[in-house]
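The values are calculated or read from the model by the stated rules, or taken from the named source; none is laboratory data. Predicted model only: the values in this text are computed from it and were never measured. With ideal geometry, Cβ positions are generated from the backbone for all residues, glycine too; neighbour counts draw on all protein chains shown.
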Amino acid sequence: MATKKDGLSAEEKAAVRQAAAERKRSEAGKNGEADVLAAIAAMDEHDRPIAEGLHALVRRELPELTCRTWYGFPAYCKDDKVVFFYQFAAKFKTRYGHIGFQDVANLDDGAMWPTAFAIMEWNDEVEARVADLIRRAVS
């Protein structure tokens, strides 16, 4: 991630501007699956297969969820609230991307539980684990 001089990094400032534009598109009914697919298509060769796998899994297993971009990330919603998203590595130049869960996700497990899971590659084992997580999250 770029160094911060006064507050947010350049990447973070760009994400905030992007979120404002997405909000306007959502209010106009224009931020949906086409935007998610465009965001996925624009990803690099490391992030794209993970995002494609996640998107295909959601469409197959939880077709009742809607999708939209959120800070430029593919995000999946229940009742118009983001439940989880894929924060791809290249966005903030991190070592790995992750699936992040918002507070509406039903992953509670006592007094402490994870809300983000790093993903280095998409394979059958990862898909099965993610499928369990997202089903629980929207239950």
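Counting just the residues of region 95-139 that are part of a helix (DSSP H, G or I) and of a type in the set (Lys, Arg), which one comes out farthest from residue 78 (Cα to Cα)? First the steps, then the outcome.
Let us first name the residues in region 95-139 that are part of a helix (DSSP H, G or I), namely 124-138.
Next cut, of a type in the set (Lys, Arg) only: 129, 135-136.
On the way: 129: 20, 135: 12, 136: 13 Å.
Here the residue is 129.
Take region 101-122 and flag every residue that is touching a Phe, Trp or Tyr at 6+ places or on another chain (Cβ under 6 Å) and either β-branched (Val, Ile, Thr) or without any contact (Cβ under 8 Å) to a residue 24 or more places away in the chain (or both).
115, 118
Those residues that are in contact (Cβ under 8 Å) with a residue 24 or more places away in the chain, more than 20 Å from residue 120 (Cα to Cα) and not in a helix (DSSP H, G or I), I need them from region 33-63; list them, please. Write out each step before concluding.
Our first condition is that a residue be in contact (Cβ under 8 Å) with a residue 24 or more places away in the chain; within region 33-63, this holds for 33, 35-36, 39-40, 43-44, 46-47, 49-54, 57-58, 61-62.
Then drop every residue that is not more than 20 Å from residue 120 (Cα to Cα), which leaves 33, 35-36, 61-62.
Across region 33-63, the qualifying residue is only 62.
How many residues are surrounded by 13 or more Cβ atoms within 10 Å (Cβ to Cβ), over 17 Å from the mean Cα position of the chain (by Cα) and not in a helix (DSSP H, G or I) if we restrict to region 7-32?
The number of residues fulfilling the criteria is 2.
Name the pairs: first residue in region 123-139 and more than 14 Å from residue 62 (Cα to Cα), second residue assigned to a helix (DSSP H, G or I) and at pLDDT 95 or above, Cβ to Cβ under 8 Å, at least 6 apart or on different chains?
From region 123-139, the pairs are 126/53.
Being within 26 Å of residue 13 (Cα to Cα), surrounded by 14 or more Cβ atoms within 10 Å (Cβ to Cβ) and in contact with an Asp or Glu (Cβ under 9 Å, 6 or more places away or on another chain) narrows it down to one of 39, 89, 131, 51, so name that one. Explain how you work it out, then say what you get.
Working: 39 fails: in contact with an Asp or Glu (Cβ under 9 Å, 6 or more places away or on another chain); 131 fails: within 26 Å of residue 13 (Cα to Cα); 51 fails: in contact with an Asp or Glu (Cβ under 9 Å, 6 or more places away or on another chain).
The unique qualifying residue is 89.
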